[in-house]
Amino acid sequence: MNSDEEEFDDDTTDYDEFDTTDEDTDDDDDDDDDHGSTSQPIHFRECLRLLDAALSTNNPPVLPRWCASEQIGTIDDPMLLINGHQRSLSLPLDKREARRFIRKAVPFDMKIDIVDGISFLPSSCQIPVNSFNILNTQWQTKIESYLKRSCIGPSLELDPNQIELKISNLVLLEPCQFPRQFIWSKDEQNPLTIAKLFLSLPSSYKGGKETIIYHKEKHIFDLSEKNSIKSSFYTIVPTSNECKHEIDYISDGYKLILIYDIIPLTSKIFYNVNINETTMIRVAKIFDTWINGLEQDYHGYSTKIIIPFSDTYRLGNNLLLHGFDRVIGTILRRTIEQYHSDKFLLYQGVIQPNRSNDGTIHACRLLTDLNLIVPIKINELFDKIDLCLGNCNETYSGNIFLRKTRTEQGNLISIEEFNVPIWCLVPIDHKYDLLIDNIPRVLTYLEQNLIPYHHHRHETFLLIDWLLTSPKKINFTAKLLLRQLLRLISDNTITYDLIITIRQLFEHKKFLEQFFPMNNKQEYDDIIYLLNYSKDTKIQLYLHQIFRTVLKRRSRDTDRIRDAIKFIGILSTRNVNSNFILVLIHELLSNIFKPNNPMPSITDLANLLALLSLSVDSFESSCQIISQQIIRQMKITTITTTNTSTITNLLRTVLVPTLIQIYRHFINENQILRKRKRDSMINFPSWFLSLYQTCLSLLNSYCNSLPPIPTYDNLSNIFDSHCCPICKQLFIFLQNTKTLEQTFIIPKDKIDHFNMIVNKFNPLIIVTKSMMSDKENHQINIIKMSTYDEEICRENNLLRSLLSHIQLSSHWEDQPDMTRKKRFKSSI
């Protein structure tokens, strides 16, 4: 192969400032050894500087090739059968077979750089991939495998096992006196293709020298002196708009080319370059320094390092054309695989600046499409990171968004880029920091991919431990995490780990913050299940500590008291140890009666009283105090409010149901004692009797007194001096402040007029009845009361009737059977 190759321009990279001589390299190696022997780690910035120098000064003298062309000798006949032909093409291709090809072919566009305005007939044609077949059954397994293993892999330093060859088309180049350039439409290209493989099949022709140009680098491959009739040739050209592939004139024949797309199977395919072993050893020592600094929690050490691609590389570029970046990626990859196996994650992705509204770039960066390029035994949660990563300014080379480029005049300038390709290095022990900005995804993965499977138990506890111990601010729903952990209680192989993890969760700030309120039945069920089935003998002690801590943090918060009352109330109705309930009640009372704490509302006190009555012997004095406080607040409310509906609402929704609930409990308890001791006496405590009498007296007062008679303004404006007798009668009734109700006899022809006048006043209750004896008149009863006031009166009478049915006699036989049908539920 004759090839005129030019070396890459050194100015195309931004690492020139770190160029050192061999002597400098030795000095750096000595420095590395010194750093490794010190007990205190070097500063993180110094660690980054050493990494920068190691990556940029020990590159191989020749960068990996990005194109190639070689003769491969005689290969098997692929047996190309074009659709519509009865037999396959005969090789080597002669003029007769070429004419058969052309009759079934379609034009293949190629660019000819000559004077504008001169047109040419098509000088090339093609058979699309879906219009021909390869009949040779061994072609794919033998020939294509050979092309990957012996041609593409060694030529471009790519891993042949990570390459897929896909046939693109079959092209015939006809005789032409001008050079032709291949052009590829984006619409016709496979977006994953990194290069084209041109396999020249045996043909009879002359000429065909190929030239491949990328920027200042030109490669000329002249194989015209080779025997094209017996041999085959291959040429590899990267797919890029900046890369030109030109084929010189062809005469005396036709050139048949089978074109393949070269498609990578993984993103690490490019990082297979031959690297100096000394370079990897040097980088490995720097990684040791980094891990040492993290283990000692030395200030300034970050859990990730961001390494940008070279300044010449832009998003969407073909990495084959950027040998320097291939070298850096290979150094990172091979150093990890050979010297730090299972200790690092290496990602390739794109980084973007995270700007505020005023355009300021913060230290926080946004990473997208991070793909793992070092194979490691780890769950698929880390195969691809497609979320934000905060604080990604950990890079060894300053502001990575300022990229150097050359102007047309050849001057170096810095411009700001908004999409910068990078490598991201993360120690495996800090891998969970990659997930910190998408905790919902982490919890979903935990629920669906880890917890259901026994062989993921170790990873499950590592992930949860990170959630609970990370110094970073992590937002997650603690009670939802507890629910996931409860699914593991039946697994006896992890009892100890599960107990420790749940204790950690109980002590976490998020769990304490979110413990109250409990918004649904499932959250109560989780706590009750834990109390009944946990293998932790101290589970009650830990829950009691949570209860105490939550109350103390907001001891003056009445909502917390209400949540605590409800919590104990629901636990008391379930199969929970009664002694534990008593402990929680004592803790609650100590907070309620703490000096300077506000007294709860009547509703909360009533609920608390019903709760204490479950063990009245233990809380007799507390019940007495609470009952007196309820009575005191009722009297204050009665005095300070003129709206009887306020007291009626408290009686209806809180106090009367509470009294009935407590009464039923006393009856049930007495029934149990009666069966044991045959004693029919019922001793109601004084605090219950006092509260009962207060409520009943208040209802009697409301029911026995007349409702307030409303007054009506502007009567004179509505009733004029010439009003009819009926209107005068209505006027006198409305003006009288001592009359509540009156019946009017209205003639049938006056009823509409009467209704029109009456509807102008509010509140009034109007009941109309037709007179049976006199069909010409209507009897209308009017009450100076609104329907709302009437409803209040009705409710008061109903409540009084309910309380009156509670016979506080001393003997069981005199008590009504209140337990047969419960008309009220507890307000807890």
Review point. How much accessible surface does K209 have with a 1.4 Å probe, in Å² rounded to 10?
Key: 70
Study note, to complete from the structure: Heavy-atom accessible area of C727, protein chains in place, probe 1.4 angstrom, given in Å² to nearest 10, is 10
Revision key, fill the gap. Under the rule rounded for a/c under 1.5, else prolate if a/b exceeds b/c, else oblate, using alpha carbon gyration tensor axes a ≥ b ≥ c, the stretch 68-264 is classed as rounded
**Study point:** Long-range HN-HN contacts of I167 with modeled amide H, under 5 Å
**Key:** D261
**Study point:** Relative packing of peptides 96-102, 738-744 - highest average C-beta neighbours within 10 Å first
**Key:** 96-102, 738-744
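Lys and Arg at +1, Asp and Glu at -1: add these up for the other residues within a Cβ distance under 14 Å of H544 and post the number.
+1
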Revision key, fill the gap. Accessible-area order for R334, R632, largest to smallest, probe 1.4 angstrom, reads R632, R334
Exercise for review: Grab the beta carbon distance between H544 and E459, set R0 = 41 Å, and tell me the FRET efficiency rounded to 0.05.
Suggested key: 0.80
**Study point:** Residue-normalised accessible area of the stretch 540-678, expressed per residue, 1.4 Å probe, Å²
**Key:** 48
Check your understanding: Distance from the Cα centre of the stretch 603-658 to that of the stretch 534-566, in angstrom?
Key -> 24
Point to revise | Pairs beyond 30 Å (Cα-Cα), from K384/K479; K111/K218; K535/K594; K230/K268; K148/K304; K142/K384 | key: K535/K594; K230/K268; K148/K304; K142/K384
Practice item. Could you order Y788, Y692 by accessible surface area, starting with the largest, using a probe radius of 1.4 Å? Key: Y788, Y692
Study note, to complete from the structure: From most to least accessible, 1.4 Å probe, no ligand or DNA/RNA atoms counted, T303, T653 line up as T653, T303
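The values are calculated or read from the model by the stated rules, or taken from the named source; none is laboratory data. Keep in mind that what you see is a predicted model, and the values were worked out from it rather than measured. As a convention, Cβ positions derive from the backbone with ideal geometry for all residues, glycine included, and neighbour counts pool all protein chains shown. For accessibility, only protein heavy atoms count, side chains too; no ligands or nucleic acids. Shrake-Rupley method; radii C 1.70, N 1.55, O 1.52, S 1.80 Å.
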